[in-house]
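S.K.: This is the structure I want to talk about, given as structure tokens.
The values are calculated or read from the model by the stated rules, or taken from the named source; none is laboratory data. Bear in mind the structure is a predicted one, so any value in this text is a computation, not a measurement. Virtual Cβ from ideal backbone geometry, glycine too; neighbours counted across all protein chains shown. These accessible areas exclude ligands, DNA and RNA; they are computed on the full protein's heavy atoms, side chains included. Shrake-Rupley method; radii C 1.70, N 1.55, O 1.52, S 1.80 Å.
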Amino acid sequence: MIFTSPLPDVLIPEISFTDFLFERFRRYGSKPALIDYHSGDVLTYADLLAQVEAVAGGLHAHGLRKGDVFALYCPNSLEFVVLMLAVLRLGGIVTTANPLYTAHELALQLLDCQASYMYTTLDYTHKARIAHMEYPLKTIFVDGEAAGTQPYGTLLQGAGNLPQVPIDARTDIAVLPYSSGTTGLPKGVMLTHYNLVANICQLAGGADFSGEDVALGVLPFFHIYGMIMVLSYQLYLGATVVVMRRFDLLNLLEAIQTYAVSRICVVPPMLLALEQSARIVDYDLSSLRQINCGAAPLQAEGQRRVGQTLNCLLIQSYGLTEASPVTHVTPLNPLDLQPGSVGVLLPNTQMQIADVHSGETVGYGQAGEVWIRGPQVMQGYLHNPEATRATVDAEGWLHTGDFGYVDEAGHLYIVDRLKELIKYKGFSVAPAVLEGVLLTHEAVADAAVVGVPDEVAGEVPKAFVVAKPGTQPDANALMAYVAQQVAPHEKIRQVEFVLVIPKSASGKILRRQLIHPMPLTVQ
């Protein structure tokens, strides 16, 4: 069965991503586009356009040409936004790297995508130089003075008239984020100008965002969720984005109060921190009208509870890097909200649910792997046709690796990642479901569940639990608490208390780090 969007299709222009955005920017003129939370610096839409043109001129003078790869290795900043748009304006390709990467991890990515240029900040210059020794770049730009680098400020001086670079929106790659996909090591995800334009148009046809919003840019822009849904889509609408370098709870609360932030996009760990903080009562959060949670599943009870605690509409969305990234959003009408659901298909998007054993597609209420087809699906993995074929089939279906089902109203529910399902005596057990139950316990601050080997059952669910301050939950009591709310084969069989649950920048639990001994584990 092929599921289609309840939303009408939208028109997708075949133009470059920058032409698509800049046409809108010119309309907004003196309206604030970006505000740096840390410095207070403001760029209006007119300022942003002017800086992009100037920096593009500077990059062109340094030799950047169409098809050259420019790496951004830095936290969120105004410079990140300007550089990203300036590189795309010249027909270059932007690859983004997590600033927490080691120098060797960075060098591997630079080598894989054959980057020519990089921008970083003084805080990360040391690692950038080491990576540069492993894989030499033409130029490293830095937000200051550092030996062997070029100051970012010199780019703002520009260098004469810019060339008009022809862009084939369908085939020319715009951004190259790295993702592990459904399996394996990180791979370069080739997203074209058309992919990005399509996803913005789809969001405009299905998401309840507004140009009147003041949005908080706290999710990392190096991740596709932050780059497109938090940054690019908000700028397309004419909203104001308050840029934060990283998540800090008190800074986030202060930013909401100071700038009357109306919308934030978050991942589940941020929600947990907000819900459990006693400091939220010290700040005026009345401007906040909506929180969008993505990147990892949020169970229905947790969604209801956090929404009530924060007195705010809490919705979910769904996507993945390979889909530019969004495929599902909560419908425009909040009355259609289904807690626990990631929403309905975006316009111009199709979906199938495939049985994990037979591969046959199934219907409403039946769980399987989620397959997606639409104009936002990637061109493929860089230099990796085998991985591309394993992920996008001959009919254009993107096999997401996520396990979920669709209700009669067309709402998708993500149960877990296929590769993380626990096989207990032949039954599939979803860790995310058990984590959702654990998080409803009054003494649990955070939790993760993994499968551990068992001679009889094959695997059994084991929970790693972070206790709330001032509490001492008992392992047997926690197992009994979960057992009351799940099927017999889903019961947690082991509990271990830890100080922290390791998570990626996008909020995904790093289960591999829990399966192996960790120095932070409380024995």
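S.K.: Which one, 139, 429, 74, projects farthest toward the positive side of the charge dipole computed for the chain from Cβ point charges (K/R +1, D/E -1)?
M.R.: The Cα lying farthest towards the positive end belongs to 139.
S.K.: Could you tally the net charge around residue 497, taking each other residue with its Cβ under 14 Å from the Cβ of residue 497, Lys/Arg +1 and Asp/Glu -1?
M.R.: Numbers: positive: 462, 468; negative: 446, 474, 496.
Neighbourhood net charge equals -1.
S.K.: Based on the Cα gyration tensor of segment 136-284, what are the three equivalent ellipsoid semi-axes, each the root of five times an eigenvalue, rounded to whole Å and given largest first? Present the calculation step by step, with values, prior to reporting the outcome.
M.R.: Values: eigenvalues 186, 99, 70 Å².
Equivalent ellipsoid of segment 136-284: 31, 22, 19 Å, largest first.
S.K.: Rounded if a/c is under 1.5, else prolate if a/b is larger than b/c, else oblate: which is segment 284-327, with a ≥ b ≥ c the root eigenvalues of its Cα gyration tensor? Could the numbers behind the result be given before it?
M.R.: On the way: a/c = 3.95, a/b = 1.77, b/c = 2.23.
It comes out oblate by the Cα gyration axes.
S.K.: Can you give the FRET efficiency to the nearest 0.05 for residue 4 and residue 250, using r as the Cβ-Cβ distance and R₀ = 45 Å?
M.R.: 0.50
S.K.: Hey, another quick one. Alpha carbon centre of segment 308-380 versus segment 7-59: separation in Å?
M.R.: So the two Cα centres are separated by 29 Å.
S.K.: Could you sort out which of 425/462; 66/138; 423/468 sit more than 24 Å apart by Cα distance in this structure? Present the calculation step by step, with values, prior to reporting the outcome.
M.R.: On the way: 425/462 15 Å; 66/138 15 Å; 423/468 30 Å.
In this structure, 423/468 lie more than 24 Å apart at Cα.
S.K.: Tell me what the chain gives for mean residue ellipticity at 222 nm when only DSSP H runs of n ≥ 4 count, each as -39,500 (n - 2.57), the sum divided by the residue total, rounded to 500 deg cm²/dmol.
M.R.: Details: 14 runs with 139 residues, N = 523.
Mean residue ellipticity, 222 nm, calculated: -8000 deg cm²/dmol.
S.K.: For the chain, give me the percentage of DSSP beta bridges that are antiparallel, rounded to the nearest 5 percent.
M.R.: 60 percent
S.K.: Counting only other residues whose beta carbon sits under 12 Å from that of residue 109, what net charge do I get with K and R as +1, D and E as -1?
M.R.: Working: positive: 187; negative: 105, 112, 134.
Its environment carries a net charge of -2.
S.K.: What dipole magnitude, in Debye to the nearest 20, does segment 234-320 give about its Cα centre under +1 on Lys/Arg Cβ and -1 on Asp/Glu Cβ?
M.R.: Numbers: 7 positive and 6 negative charges, 37 e Å.
Using Cβ point charges on Lys, Arg, Asp and Glu, segment 234-320 gives about 180 debye.
S.K.: Treating only the Cβ of Lys, Arg, Asp and Glu as charged (+1, +1, -1, -1), what charge dipole size does segment 173-259 show about its Cα centre? Round to the nearest 20 debye. Walk me through the numbers on the way to the answer.
M.R.: Working: 3 positive and 5 negative charges, 81 e Å.
For segment 173-259, the charge dipole is close to 400 debye.
S.K.: Here is a further query. Which value, in debye to the nearest 20, gives the size of the charge dipole of the chain about its Cα centre, when Lys and Arg are +1 and Asp and Glu are -1 at the Cβ? Walk me through the numbers before you get to the answer.
M.R.: Working: 33 positive and 49 negative charges, 99 e Å.
So the dipole magnitude of the chain works out to roughly 480 debye.
S.K.: Sticking with this one: Please report the accessible area of residue 65 (heavy atoms, 1.4 Å probe, ligands and nucleic acids excluded) in Å², nearest 10.
M.R.: Looks like 110 Å² after rounding.
S.K.: With a 1.4 Å probe and all protein chains kept in place, how do 416, 454 rank by accessible area, largest first? Could the numbers behind the result be given before it?
M.R.: Values: 416 5, 454 60 Å².
The ordering from most to least exposed comes out as 454, 416.
S.K.: Tell me which of 121, 259, 209 sits at the most positive position along the dipole axis of the chain, charges placed on C-beta atoms (Lys, Arg +1; Asp, Glu -1).
M.R.: Highest projection toward the positive end goes to 121.
S.K.: Once the whole set of protein chains is in place, how much accessible area is left on residue 414, using a 1.4 Å probe, in Å² to the nearest 10?
M.R.: 20 Å²
S.K.: Also, quick follow-up: Find which of 363, 344, 56 sits farthest along the positive direction of the dipole of the chain, computed with +1 on the beta-carbon of Lys and Arg, -1 on that of Asp and Glu, about the Cα centre.
M.R.: Among 363, 344, 56, the one farthest towards the positive end of the dipole of the chain is 56.
S.K.: If a/c stays under 1.5 just call it rounded; otherwise compare a/b with b/c (prolate if a/b is bigger, oblate if not). Do that for segment 168-221, with a ≥ b ≥ c from the square roots of the Cα gyration tensor eigenvalues. Don't skip to the end; give the middle numbers.
M.R.: Values: a/c = 2.39, a/b = 1.43, b/c = 1.66.
Oblate shape, in that a/c is at least 1.5 and b/c is the bigger or equal ratio.
S.K.: Would you mind counting up the charge near residue 397? Only other residues with Cβ under 11 Å from its Cβ, with Lys and Arg at +1 and Asp and Glu at -1.
M.R.: Details: positive: 373; negative: 369, 393, 395.
Around residue 397, the surrounding residues sum to -2.
S.K.: Ignoring ligands, DNA and RNA, how do 371, 397 rank by accessible area with a 1.4 Å probe, largest first?
M.R.: Values: 371 35, 397 5 Å².
Ranking 371, 397 by accessible area, largest first, yields 371, 397.
S.K.: Right, here's the next one. Which of these values of percent of Cα pairs over 30 Å apart was calculated from the structure shown: [x] 54; [y] 61; [z] 49?
M.R.: After the calculation, the listed value that fits is [z].
S.K.: How do 118, 133, 1 rank by accessible surface area computed with a 1.4 Å probe, from largest to smallest?
M.R.: Details: 118 0, 133 150, 1 85 Å².
Of 118, 133, 1, the descending order of accessible area is 133, 1, 118.
S.K.: Is the shape of segment 422-479 rounded, prolate or oblate, going by the alpha carbon gyration tensor and its root eigenvalues a ≥ b ≥ c, with a/c under 1.5 for rounded and a/b larger than b/c for prolate? Write out the running numbers ahead of the final one.
M.R.: Working: a/c = 3.03, a/b = 2.11, b/c = 1.43.
Cα axes put segment 422-479 in the prolate bin.
S.K.: Using modelled backbone amide H atoms (1.01 Å from N, in-plane), which distant-in-sequence or interchain residues come within less than 5 Å of residue 467's amide H?
M.R.: 445, 498
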